[in-house]
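Only one structure is covered here, and it is reproduced in the block below.
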Amino acid sequence: QVQLVESGGGLVQPGGSLRLSCAASGRIFSIGAMGWYRQAPGKERELVARIISGGRTNYVDSVMSRFTISRDNAKNTVYLQMNSLKPEDTAVYYCNVDYYPYIGASESSGWGQGTQVTVSS
């Protein structure tokens with residue numbers, strides 16, 4: 001079982017910045033893709049950004065050029081740098097990690113507990 005601990009959410013004014021972190025621990029042999037999702041009130045959860053083990057990234061159009069996803073493989077940690085934040089970015093942000101708990105295992109997926117990001121003046 002993997003544990004994902006998120007940090008970095010909070011209240012920020014429009015135009016401001018936040019950096020989210022998500023550290024994975026537990027029974028992990030290797031990690032594949034890591035990503036950030038968000039869910040706003042009354043809306044479905046959506047993929048915000050994703051980074052595979054080789055470093056290739058993809059983003060939802062609404063955050064392109066404002067958000068940057070990165071990872072530190074030595075620390076099993078994924079980051080989301082969010083700049084030029086807008087009120088419509090307000091949501092609970094969840095990290096998601098695809099991992100292999102041991103050699104020969106099938107790929108599993110874990111979720112963080114979520115961190116609130118509120119963009120408001």
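The values are calculated or read from the model by the stated rules, or taken from the named source; none is laboratory data. Since the model is a prediction, treat every value here as computed from it, not as a measurement. Positions of Cβ are backbone-derived with ideal geometry, glycine not excepted, and every protein chain shown enters the neighbour counts. Calculation scope for accessible area: heavy atoms of the full protein, side chains included, ligands and nucleic acids excluded. Shrake-Rupley method; radii C 1.70, N 1.55, O 1.52, S 1.80 Å.
Listing for the model above:
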read-out	value
Breaking point among (1) more than 24 Å from Val2 (Cα to Cα); (2) among the hydrophobic types (A, V, I, L, M, F, W, C); (3) out of contact with any helix residue (DSSP H, G or I) (no Cβ under 9 Å at 6 or more places or on another chain); (4) touching a residue at least 24 places away in the same chain (Cβ under 8 Å), for Val63	(3)
Flag if Lys86 is under 15 Å from Val48 (Cα atoms), among the charged types (D, E, K, R) and at pLDDT 95 or above	yes
Answer residue from region 1-39, given it is among the charged types (D, E, K, R) and closer than 30 Å to Pro87 by Cα and is surrounded by the fewest Cβ atoms within 10 Å (Cβ to Cβ) among those	Arg19
Flag if Glu107 is modelled with pLDDT under 95, open to solvent by 70 Å² or more (accessible area, probe 1.4 Å) and either acidic (Asp, Glu) or over 15 Å from Ala24 (Cβ atoms) (or both)	yes
Selected residue [farther than 18 Å from Gly114 by Cα and touching a strand residue (DSSP E or B) at 6+ places or on another chain (Cβ under 7 Å)] from Ser30, Ser65, Ser7	Ser30
Residues satisfying the stated conditions in region 70-84, i.e. open to solvent by 40 Å² or more (accessible area, probe 1.4 Å), within 16 Å of Val60 (Cβ to Cβ) and part of a strand (DSSP E or B)	Gln81
Tally, over region 33-52, of residues that are farther than 15 Å from Gly114 by Cα and in contact (Cβ under 8 Å) with a residue 60 or more places away in the chain	1
Residue among Leu11, Leu20 that alone is over 20 Å from Pro101 (Cβ atoms), in a strand (DSSP E or B) and in contact with an Asp or Glu (Cβ under 7 Å, 6 or more places away or on another chain)	Leu20
